[in-house]
Amino acid sequence: MRKIYFVFLCSIIIPISSFSIVKDKSTIKWKGTKSIGSYHEGYILVENSFINIDKNVVIGGEININMDSITCTDIEDKNSNQYLIEHLKSADFFSVPTFPFAFLKITNVKHTEDNDYLITADLTIKNETHPIDFFANIKVDKNAALASGKISIDRSKYDIKYKSKTWYPDLGDKFINDIFELYFNLVALP
């Protein structure tokens, strides 16, 4: 009986810790491709994001993505670069003036091997929420948590219709692929 009481007491005294994701030390790189094989890529920032940790294992968290921070790194011409950024922020894509943030809320974490995990989350873009699964490599100790991986997102589920073969099947070979990727390297501190 004393052992059960002690374990219960310890679980009250040692709460789940929350680590804040450090904006300046974390990166999310995006990449979108066209049917002809060309692509665009760049970065977006996280803000006010955190992960919950229990016994050095991630058990949940929320990632807030600042869509207004989107950049493009593959177009050197300043005017062309700015044109693409403004187009991505427009109603054709992410409607940033109306929906300035996208949200990823972790709902389940399953250890697969070593530091590899299968993450299940609810992803919200343009006020549309859908479940998504992805793998992440996560290392946690008492001083920091490091997470890296790739998320493949089907934009057609989030009301992003511009040159989408899902929405406009008769585009021929002039479509933009519905799947785009986010490559993340996140640093979180207690």
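The values are calculated or read from the model by the stated rules, or taken from the named source; none is laboratory data. Everything numeric here is computed off the predicted structure, so don't read it as measured data. Please note: Cβ atoms are built from the backbone with ideal geometry, for glycine as well, and neighbour counts cover all protein chains shown. We work out accessible area using only protein heavy atoms, side chains counted, and drop any ligands, DNA or RNA first. Shrake-Rupley method; radii C 1.70, N 1.55, O 1.52, S 1.80 Å.
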Relative packing of peptides 107-120, 53-66 - highest average C-beta neighbours within 10 Å first: 53-66, 107-120
Output row, site Asp122, 7 Å Cα→C-beta label point, backbone N cut-off 12 Å, window the range 90-110, residues 103-108
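Per residue, how much accessible area does the range 1-153 show when a 1.4 Å probe rolls over the protein heavy atoms, in square angstrom? Each step should come with its number before you reach the end.
Details: 9410 Å² over 153 residues.
I get 62 Å² per residue for the range 1-153.
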Rounded to the nearest 10 degrees, the helix 2-13 long axis (Cα) sits at an angle to the longest Cα principal axis of the chain of 40 degrees
HN-Hα J in Hz across the range 175-180 - Karplus 6.51, -1.76, 1.60, θ = phi - 60°, x for Gly and Pro: 10, 9, 4, 5, 8, 10
Neighbourhood charge, 15 Å Cβ-Cβ cut-off, centred on Asn115 and excluding it, Lys, Arg +1 and Asp, Glu -1: -1
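Let me know the shape class of the range 68-127, please: from the alpha-carbon gyration tensor, a ≥ b ≥ c as square roots of the eigenvalues, rounded when a/c is under 1.5, otherwise prolate if a/b is greater than b/c, or oblate. Walk me through the intermediate numbers first.
Values: a/c = 4.89, a/b = 1.87, b/c = 2.61.
It comes out oblate by the Cα gyration axes.
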For the chain, which whole-number percentage of the solvent-accessible area (1.4 Å probe, protein heavy atoms only) is attributable to carbon and sulfur atoms? 55 percent
For semi-axes √(5λ) of the Cα gyration tensor in Å, pick the label among (1) 54, 19, 11; (2) 37, 17, 14; (3) 43, 35, 16 that corresponds to the value derived from the coordinates. (2)
Given H placed 1.01 Å from N in the peptide plane, which residues other than close sequence neighbours of Gly61 have an amide H under 5 Å from its amide H? Asn52, Ile106
